Amino acid sequence: MKLEIRGLTKRFGSFTANDGIDLTVEEGEIHCLLGENGAGKSTLMNMLYGLLEPTEGEILVDGEPVSFSSPGDAIDRGIGMVHQHFMLVPVFTVAENVALGREDVRGPGILDRRASARRVRELSEAYRLSVEPDAIVETLPVGVQQRVEILKALTREAKVLILDEPTAVLTPQETDELFAIMRRLKAEGTSIIFITHKLREVRAVADRISVIRRGKVVGTTSPQASEAELAELMVGRKVNLVVEKSEREAGAPVLSARDLVVVDPRGHQVVKGVSLDVRAGEVLCVAGVQGNGQTELVKSLLGLVRAEGGSITLAGEDITHDSPRARLERGIGYVPEDRSSDGFVGDFSIRDNLVLDLFRSEQFSRGPALALRAIADNAEARIEEFDIRTPSASTHVAALSGGNQQKVVVAREMSRPLTVLIAAQPTRGVDVGSIEFIHQRIIAERDQGVAVLIVSTELDEVYALADRIAVMYDGRVVDVVGPDTPREEIGLLMAGGRDSTDGQNDVEDIA
Amino acid sequence: MSTSTAPRTASGDVAIRDRADVLRQVKTVVVLAIAALLVLLFALSVDDPKIYWTLEERARLDTRRTLNAHVVAWSAFGYLVVALVLAALNRIRRGWVAGLVFFGAGLAFYAGFLMWFFADQRELAGIGAISIVNPLPQTVLYATPLVLGALAGTLCERAGVVNIAIEGQFLMGAFFASVASSLAYSAEAGLLGGALAGVAVASLLACFAIKFHINQIVLGVVLIALCLGLTNFLLGQIPTARENPVLASYLNQPVTLDPIRIPVLADIPVLGPALFNQSLLAYLMYASVALVTWLLFQTRWGLRVRAVGEHPKAVDTVGINVARRRWSAVLLGGVFAGLGGAFFTVGSTGAFDQNPSNGQGFIALAAVIMGRWHPIGATAAATFFGFMLATRDQLSVLTKIDSELLSAAPYLATVIAVAGFVGRVRPPAASGEPYLKS
Ligand SMILES: Nc1ncnc2c1ncn2[C@@H]1O[C@H](COP(=O)(O)OP(=O)(O)O)[C@@H](O)[C@H]1O
Ligand SMILES: [Mg+2]
């Protein structure tokens with residue numbers, strides 16, 4: 001099936017997310033869409049899938065114009081989509097999720113569970129997806145959940161399969177498996193639209209590459225193009241892919257965790273006895289696939305969740321039972337993973353957000369009153385220093401782009417004297433220009449002797465920043481390795497390899 | 001520093017007990033200790049251990065039997081002490097065994113309490129003392145509207161719509177059941193009228209919650225106030241029997257449902273008269289429980305409804321209309337809630353009087369939560385609350401406990417049950433959240 005997009009435009013109010021996009025996907029090709037966060041890739045795909053209505057332009061399937069008013073229409077025309085955030089019901093079984101919307105029934109709508117399970121098993125074997133129909137989805141690793149999503153599209157006989165940033169949640173090995181599956185599908189004549197912002201992947205699997213920038217297609221090339229060329233197309237200028245970083249001798253351990261255990265509200269242990277030392281003047285990166293306990297580890301270090309076991313010391317003093325505020329006042333800086341819910345108050349101005357955890361200090365208050373002049377001066381200085389692109393200091397933070405929002409958070413955390421900086425996913429959803437800037441600031445903190453703990457699921461970021469790399473899998477630190485460790489080895493660790501008892505085997509058992 | 005040395009279980013977890021688990025044990029121990037202590041007091045305060053009892057619904061002088069209160073109370077105490085020791089040593093494993101142990105503890109407490117309550121009566125001339133009778137027939141009677149209301153709540157929440165307004169559906173159901181029954185001179189017509197009124201309230205709920213995305217808690221409260229005011233107003237418009245006997249008889253003198261005794265089944269001891277000597281409404285209630293369970297878990301409609309309550313966007317992306325599923329679940333819920341409302345007029349006392357349901361819609365709501373959003377669980381919880389109401393009635397014949405306090409007891413039990421025994425539960429993930437297409 002051939003899919004053509006002509007002059008497709010989508011506006012949200014006055015904001016143009018997609019601007020006159022032209023794109024052709026041939027039968028049986030893997031067409032890669034490359035673009036920065038916020039470039040408009042998901043918006044384009046949502047229009048193709050009937051979730052959003054185009055403002056202008058048309059979509060042609062095999063030369064025939066179509067219009068989709070709901071995903072049902074798109075599915076009927078043979079379009080399938082695996083969303084960036086999975087569209088699976090966590091408490092349902094695999095078979096139920098796959099069947100949903102196309103249930104096998106007997107008589108007056110009575111579910112035929114056996115038929116649904118059989119269908120999953122057959123397709124799973126045909127495409128070698130190794131998915132167990134009766135497993136509950138929420139108990140499966142993300143990699144398997146993604147294969148369930150692919151199965152969903154396959155049972156609906158998708159001729160064009162859209163994969164929206166499918167590799168964001170995968171280990172390098174799982175990514176390779178996904179690529180193998182994509183090649184098998186391609187061999188059967190399925191066209192695939194593969195969306196990503198990771199350059200390496202594009203070149204590994206794509207037949208053709210279209211680059212989207214600020215809602216426009218800025219070029220279509222072949223996978224022979226170099227990474228630097230692609231990066232320049234994507235960002236619109238030459239980018240520096242490495243962070244300038246000098247060698248530096250690490251000092252004594254500043255932040256230490258011993259045997260930390262965290263239990264989630266459902267009673268499962270998510271951090272299973274983690275011990276870590278972050279030393280002065282070094283960057284320790286915690287690498288790992290999302291959902292292996294990193295989030296909870298960071299929250300327990302900050303005191304946002306209580307550790308059920310273990311201890312935390314800061315510069316030799318036990319802070320296990322301190323409140324989050326006490327920990328911040330001892331000099332821990334915190335850049336949270338989900339900035340819009342934990343990092344700032346969207347409806348507050350930049351000025352106020354810049355003093356969210358500082359307003360009690362001498363500098364910004366006089367008795368019970370705020371020192372508004374000092375707060376305003378502070379805002380001007382920080383906006384200048386951190387290159388926050390905003391119309392004014394009184395603009396609401398919610399109105400800024402992701403990169404500038406993150407700069408507000410980083411600026412605030414770095415505007416008090418720190419002994420430890422903890423940053424989770426510091427550049428998620430941030431444009432390349434801001435990524436460069438934030439990375440430089442983090443390294444600058446390290447060079448001043450701050451102990452830095454970074455949690456990141458992006459290996460590129462880990463390599464750019466780390467002095468040492470701790471790899472987490474299934475709630476544990478499986479190993480701590482140097483920054484020169486090869487990608488494949490870290491990939492194996494991220495999948496639990498080298499961990500004597502379970503790990504890799506586990507993954508295969510479930511799959 | 002890489003891997004930790006802490007001891008681990010087979011699944012790789014660190015071998016420590018988490019706080020929630022310890023808390024659960026502490027809670028169990030405290031509750032059992034209080035129960036044991038109270039039963040000890042009960043046992044000690046019994047002077048004259050002779051108590052009359054019967055398994056029938058009403059005591060008759062010729063069939064009642066006697067028992068020794070000391071024996072019963074001290075055995076109950078013994079059971080509770082054993083359970084307490086086991087709990088303190090953390091020897092009660094979670095699961096159905098624990099469930100049985102706690103059910104037994106509840107029974108033991110109930111028995112000990114009854115011994116104290118019925119012992120040492122001042123004998124009345126002619127009949128002697130008042131007997132303990134079988135509480136189950138009344139339990140089922142009281143549970144009927146609660147179960148129906150809880151089914152309505154379960155259906156709505158499973159589809160992702162919070163229904164606080166069960167109470168309002170009860171009121172409207174009760175009123176229009178009375179009117180329909182009076183007009184048609186048929187109790188069955190009354191049931192139909194009640195169900196329709198329930199659906200009418202449900203359609204208001206659905207319209208504002210699903211179409212206009214109104215906050216569902218606020219909406220529910222407003223609907224209850226509306227239904228209470230409306231039924232009171234309409235009641236005021238109906239002339240009393242003295243003012244206009246003809247009109248009054250057509251509008252608010254309903255035919256009520258008679259008990260239907262099912263032969264053979266009703267002769268089963270203890271349970272027979274409780275389950276199989278009830279009105280049509282109770283039999284409808286049994287059927288409704290089975291129907292809702294079957295619909296939710298065995299049919300395509302149910303799968304989609306549950307999916308909509310958990311992850312509406314996922315349902316949308318496979319081409320299913322989210323709003324339509326929600327509407328259908330809420331409207332179907334309205335049928336059950338309306339039938340539950342009919343209980344308060346044609347199912348029991350007859351004519352509609354001000355606020356006949358008197359807060360029982362909220363108890364039904366509690367049953368939804370205590371039953372963990374499962375129709376069977378909700379039924380069990382509603383039956384428990386029915387049992388509390390029946391016990392209140394049976395105890396009110398003696399004045400050992402202040403009657404006002406006694407009538408508050410079922411509600412107190414609700415609070416304790418919901419707060420103490422619900423534990424870790426997960427409501428449907430999208431419950432209460434309107435679905436906005438992006
Ligand atoms: N429903 C919406 N309303 C307003 N703006 C939106 C909406 N959806 C996306 N956007 C904006 O459109 C831009 C493109 O978003 P998206 O397509 O998700 O980017 P990508 O998938 O390439 O990262 C972003 O700036 C985003 O904020
Ligand atoms: Mg996207």
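Of the trypsin sites (Lys or Arg not before Pro) found in the range B:75-166, the ones in coil according to DSSP and having at most 10 other Cβ atoms within 10 Å of their Cβ are B:Arg91, B:Arg93, B:Arg94, B:Arg122. Accessible area per residue was computed with a 1.4 Å probe on protein heavy atoms; B:Thr63 scores about 50 Å².
Take the eigenvalues of the Cα gyration tensor for the range B:89-227, scale each by 5, and report the square roots as semi-axes in whole Å, largest first. Walk me through the numbers before you get to the answer.
Numbers: eigenvalues 316, 145, 33 Å².
After scaling each eigenvalue by five and taking roots: 40, 27, 13 Å.
With a 10 Å cut-off around each Cβ of A:266-279, the average count of Cβ atoms from other chains is 4. If you wrap the range A:3-235 in the convex hull of its Cα atoms and look at it from every side, the mean projected area works out to 13.0 nm².
About its Cα centre, the range A:135-216 has a charge dipole of approximately 500 debye under the convention of +1 per Lys or Arg Cβ and -1 per Asp or Glu Cβ, with nothing else charged.
Quick one: with all protein chains in place, what share of the accessible area of the range A:3-235 is carbon or sulfur, to the nearest percent (1.4 Å probe)? Present the calculation step by step, with values, prior to reporting the outcome.
Numbers: 4170 of 9110 Å².
The nonpolar share, carbon plus sulfur, comes to 46 percent.
The equivalent ellipsoid that matches the C-alpha gyration tensor of the range B:19-118 spans semi-axes of 31, 15, 9 angstrom, in descending order. The residues of the range A:140-161 occluded by other protein chains by 50 Å² or more of accessible area, set against the chain on its own, number zero; surface from heavy atoms, 1.4 Å probe. Only one residue of A:Val211, A:Ile195, A:Val261 has its Cα farthest out toward the positive end of the dipole of the range A:119-262, where Lys and Arg carry +1 and Asp and Glu -1 on Cβ, and that residue is A:Val211. The mean sequence separation of alpha-carbon pairs under 8 Å and at least six residues apart, normalised by the residue count of chain B, gives a relative contact order of 23 percent. For the set A:Glu413, A:Glu26, the ranking by accessible area, highest first and with no ligand, DNA or RNA atoms included, is A:Glu26, A:Glu413 under a 1.4 Å probe.
So if R0 is 22 Å, what FRET efficiency would B:Leu247 and B:Asn355 give, r being the distance between their Cβ atoms, rounded to the nearest 0.05?
On the way: r = 23 Å, r/R0 = 1.03.
The pair B:Leu247/B:Asn355 has a calculated efficiency of 0.45.
Computed with a 1.4 Å probe over protein heavy atoms only, the accessible area of A:Glu122 comes to about 110 Å². Accessible surface of A:Arg330, taken over heavy atoms with a 1.4 Å probe and every protein chain present, rounds to 90 Å².
For A:Arg128, A:Arg114, A:Arg416, B:Arg17, give me the order by solvent-accessible area with a 1.4 Å probe, most accessible first, ignoring ligands, DNA and RNA. Could the numbers behind the result be given before it?
Numbers: A:Arg128 165, A:Arg114 195, A:Arg416 35, B:Arg17 100 Å².
Ranking A:Arg128, A:Arg114, A:Arg416, B:Arg17 by accessible area, largest first, yields A:Arg114, A:Arg128, B:Arg17, A:Arg416.
Along the axis of the charge dipole computed for the range B:136-421 (Cβ charges of +1 for Lys and Arg, -1 for Asp and Glu, origin at the Cα centre), the listed residues B:Thr349, B:Val140, B:Pro239 are led at the positive end by B:Val140. Shielding of peptide A:96-105 by partners, expressed as the average count of other chain Cβ atoms within 10 Å per residue Cβ, is 5. Take each residue in B:315-324, count the other chain C-beta atoms within 10 Å of its C-beta, and the mean is 6. This model, with +1 at the C-beta of Lys and Arg and -1 at the C-beta of Asp and Glu, gives the range B:136-421 a dipole about its Cα centre of some 920 debye. The separation of the range A:302-335 from the range A:1-80, counted between C-alpha centres, amounts to 48 Å.
In Å, what Kirkwood hydrodynamic radius results for the range A:1-65 from the alpha-carbon pair distances? Don't jump to the answer; show the numbers that get you there.
Details: mean 1/r = 0.0818 Å⁻¹.
This gives a value of 12.2 Å.
Backbone phi angles across the range A:167-182, fed through the Karplus curve with coefficients 6.51, -1.76 and 1.60 (θ = phi - 60°), yield HN-Hα couplings of 8, 4, 9, 9, 6, x, 5, 5, 4, 4, 4, 4, 4, 4, 4, 4 Hz in residue order; Gly and Pro are listed as x. For chain B, the orientation-averaged shadow of the C-alpha convex hull comes to 28.2 nm² (one quarter of the hull surface). Would you work out if chain A is rounded, prolate or oblate? Take a ≥ b ≥ c from the square roots of the eigenvalues of the alpha-carbon gyration tensor; rounded if a/c is under 1.5, else prolate when a/b is larger than b/c, oblate otherwise. Prolate shape, in that a/c is at least 1.5 and a/b is the bigger ratio.
Placing +1 on the Cβ of every Lys and Arg and -1 on the Cβ of every Asp and Glu, with nothing else charged, gives the protein assembly as shown a dipole about its Cα centre of roughly 1980 debye.
Is the C-alpha gyration tensor of the range A:276-432 telling us rounded, prolate or oblate? Criteria: a/c under 1.5 is rounded; beyond that, a/b larger than b/c is prolate, otherwise oblate. Taking the square roots of the gyration eigenvalues as a ≥ b ≥ c, the range A:276-432 is oblate. Here the spin labels are modelled as points 7 Å beyond Cα on the Cα-Cβ line, and at B:Val26 and A:Asp264 they lie 2.5 nm apart.
Positive-end ranking of B:Gln216, B:Ala152, B:Leu395 along the dipole of the protein assembly as shown, with charges on Cβ about the Cα centre, is headed by B:Leu395.
Given the peptides B:240-247, B:333-340, arrange them by the average over their residues of other C-beta atoms within 10 Å, most packed first.
B:333-340, B:240-247
Interface burial in the range B:260-301, defined as at least 30 Å² less accessible area with all protein chains than with the chain alone at a 1.4 Å probe, covers B:Trp294, B:Gln298, B:Arg300.
Would you mind getting the accessible area per residue of the protein assembly as shown, heavy atoms of the protein chains only, 1.4 Å probe, in Å²? Mind showing how you got there, number by number?
Values: 41250 Å² over 949 residues.
About 43 Å² of surface per residue is accessible.
Straight-line cross-link partners of A:Lys152 among the lysines, defined as a Cα under 27 Å from its Cα and at least 8 positions apart when in the same chain: A:Lys2, A:Lys41, A:Lys186, A:Lys198, B:Lys313, B:Lys437. I need the calculated FRET efficiency for the pair B:Ile130 and B:Ala419, taking r as the beta carbon distance and R₀ as 45 Å, to the nearest 0.05. Calculated value: 0.85. Entry for the range B:335-430 at q = 0.23 Å⁻¹: log10 I(q)/I(0) = -1.26, Debye formula applied to identical alpha-carbon scatterers, no solvent contribution. Relative to its residue count, the protein assembly as shown spans a Cα convex hull of 222 Å³ per residue.
Our coupling estimate for the range A:137-147, obtained by passing each phi through the Karplus curve with A = 6.51, B = -1.76, C = 1.60 and θ = phi - 60°, is 4, 5, 8, 8, x, 4, x, 6, 4, 5, 5 Hz, Gly and Pro reported as x. Each part reduced to its alpha carbon centroid, the range A:123-174 and the range B:21-97 end up 54 Å apart.
The values are calculated or read from the model by the stated rules, or taken from the named source; none is laboratory data. Keep in mind it's a predicted model, so treat the numbers as computed, not measured. Ideal geometry is used to build each Cβ from the backbone, glycine not excepted, and the neighbour counts take in all protein chains shown. Keep in mind that these areas ignore ligands, DNA and RNA; they rest on the heavy atoms of the full protein, side chains included. Shrake-Rupley method; radii C 1.70, N 1.55, O 1.52, S 1.80 Å.
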